Amino acid sequence: MKNFPEIKTRRTEDSITIYWEKPEFAGNCQYEAFLDGKKSGSTDKTHYTFEGLTADREYEIEVRSCAPGEDAVLSRETKKIRTLPAKRRIDVTLAPYYAKGDGSTLNTECLQHAIDDCGENEAVYFPAGVYKTGALRLHSKMELYVDKGAVLQGTDEPEDYLPRIWSRFEGTELECYSSLLNLGELNYREGYNCENVIIRGGGTIASGGVPLAKRIIRTERERLKDYLAGLGDKIKECETKDTIPGRVRPRLINISNCKNVTISNVSLKDGASWNVHMIYSDDIVTFGCTFYSEEVWNGDGWDPDSSTNCTLFDCMFYTGDDSVAIKSGKNPEGNEINRPCEHIWVFDSKCAFGHGIAIGSEISGGIRDVKIWDCDMSDSLSGIEIKATKKRGGYVEDVQVKDCVVSRVMFHSVGYNDDGIGADTPPVFKNCSFRGVEIKGKCHDIHEKCWKDCDAIELKGFDEKGYELSNIVFEDVVLGTKEAGREQTISLRLCENVTFKNICCL
């Protein structure tokens, strides 16, 4: 019998979610889930949730992998897991808080009071309604439960996101406006200062989106007008004239120096920039969520940044930028801090529109051990994109992609976000594999709202000997679609040790 991968878990008082890395032998295998010896259900996904459980009780979980249509068990794994103790709900609409879910009353003060009061075995509870608020600050050992029909709605007024907090945006640490939900305090020299937080419930967490972003950029441009004028032509190294004033925009959820945070089964909507951003953090797990940020500039969905052991699965993305963006800082600061982003899992997720999955362009601290499987990024602009600028330094290595459908695959240098003193050497892209992947060679441009033909594969290293793109494998790959009606193109430049095996062109 083959070895089953390690089962990882997330638990609440009434549920246990298990997930595991897709085995090499998996193919199209099915998984059967057992609870205390009784079959609970089956799935072809690499995750499963047991619901309706009893609080503070130990359960025996077993997962078996089987070939489709066969009874023979290929592998199995058993684990004992205890649900969390029952939690007392702190209803924000009741005394002494009296929050109003009418969509117009500003509830920031009373909601923060409820959060501050929340103990380890309690949950701040939002029943159905729209709760208007400014920035809120969570703490260790607490739960935020936003029920179905409830919306935690951030305002679009910049003053509601004060005071500014130390954060990081596009690879540079700076004072940003507070996010709607703020966990931990940023300090790359120290360890974790916020742990064991759960955000869940089936409701929606939303912020001010485009109106908030525009107001903050306008305010910040006025504050920085002398500095911006003094940059002269160097402003051209930025993506747009709004890049520098836009860096102080808040995220929807800011997670700094945190450990063991779970975000599950909520809709996450309209951050003024990125939606979920974790920095210098570990063991951040997001699942069962839907991300919305159409028309939001830099409207990324989920961004692990110099963080470790971050996992996302069973999520849907309707984003104005990257669905997922994996980062580790920008030259020169990112090279000096030198904190990699590593051990990242992304699986069983889909992009309805947006840019897809990006690694970079902020990679100065290095990115390694990224595993992506069972994802559909075919309706995206960029598919899977690994990117940097020549000035960035750092590396991307050991990226494994399997059993995905994507619009295209790109390794390349980009020309935006290129301000800052360059590193001593160019970045290194190496040791990446794409197996069992369908690559359409057609991308969905959400900005021009049209489909475009594109290179199915673009592999480009950097213009310096020793920094070629190297050790890249494409195996059991299908290029194109039956409807495309054209030959698929592969672009290669400054590459070495690139392997193509079992490539089928439709």
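Read-outs throughout are calculated quantities, based only on the coordinates presented, and are distinct from any laboratory measurement. Bear in mind the structure is a predicted one, so any value in this text is a computation, not a measurement. Methodologically, a virtual Cβ is constructed for each residue, glycine included, from the backbone with ideal geometry; neighbour enumeration extends over all protein chains shown.
Annotations
- Per-pair calculated FRET efficiency, R0 = 45 Å: residue 449 and residue 148 via Cβ, rounded to 0.05: 0.90
- Note on residue 391: lysines with a C-alpha under 17 Å away, same-chain residues under 8 apart excluded, are 234, 236, 327, 330, 460, 465.
- Dipole magnitude of the chain about its Cα centre (Cβ charges: Lys, Arg +1; Asp, Glu -1), debye to nearest 20: 120
- Inter-label distance, nm, simple model (7 Å from Cα along the C-beta direction), residue 120/residue 88: 1.5
- Most positive-pole-ward Cα, 172, 404, 114, against dipole of the chain from beta carbon charges: 404
- If you plug the beta carbon distance of residue 187 and residue 80 into 1/(1 + (r/R0)^6) with R0 = 30 Å, you get a FRET efficiency near 0.25.
- With the charge dipole of the chain set up from +1 on Lys and Arg Cβ and -1 on Asp and Glu Cβ about the Cα centre, the Cα lying farthest toward the positive end among the listed residues 155, 191, 47 is that of 155.
- Electrostatic dipole magnitude of region 8-82 [Cβ: Lys, Arg +1; Asp, Glu -1; Cα centre; debye, to 20]: 180
- Taking Cα centre as origin and charging only the Cβ of basic (Lys, Arg, +1) and acidic (Asp, Glu, -1) residues, the dipole magnitude of region 87-305 rounds to 220 debye.
- Count Lys and Arg as plus one, Asp and Glu as minus one, and take only other residues whose Cβ is under 10 Å from that of residue 419; the net charge is then 0.
- Above-threshold pairs, the threshold being 29 Å between Cα atoms, out of 259/442; 22/79; 45/259: 259/442
- Relative contact order, percent, region 8-82 [alpha-carbon distance under 8 Å, six or more residues apart]: 29
- Sorted peptide list for 322-328, 307-313, criterion being average Cβ within 10 angstrom, highest first: 322-328, 307-313
- What the Cβ-Cβ distance of residue 224 and residue 486 gives, at R0 = 51 Å and to the nearest 0.05, is a FRET efficiency of 0.60.
- Taking packing as the residue-averaged number of other Cβ atoms within 10 angstrom, the listed peptides 413-420, 122-129 run from highest to lowest as 122-129, 413-420.
- Between 256, 123, 274, the Cα set farthest toward the positive side of the dipole of the chain (charges on each charged residue's Cβ, about the Cα centre) is that of 274.
- Cut-off 20 Å (backbone N to label point 7 Å along Cα→Cβ of residue 240), residues of region 270-312: 270-276, 292-302
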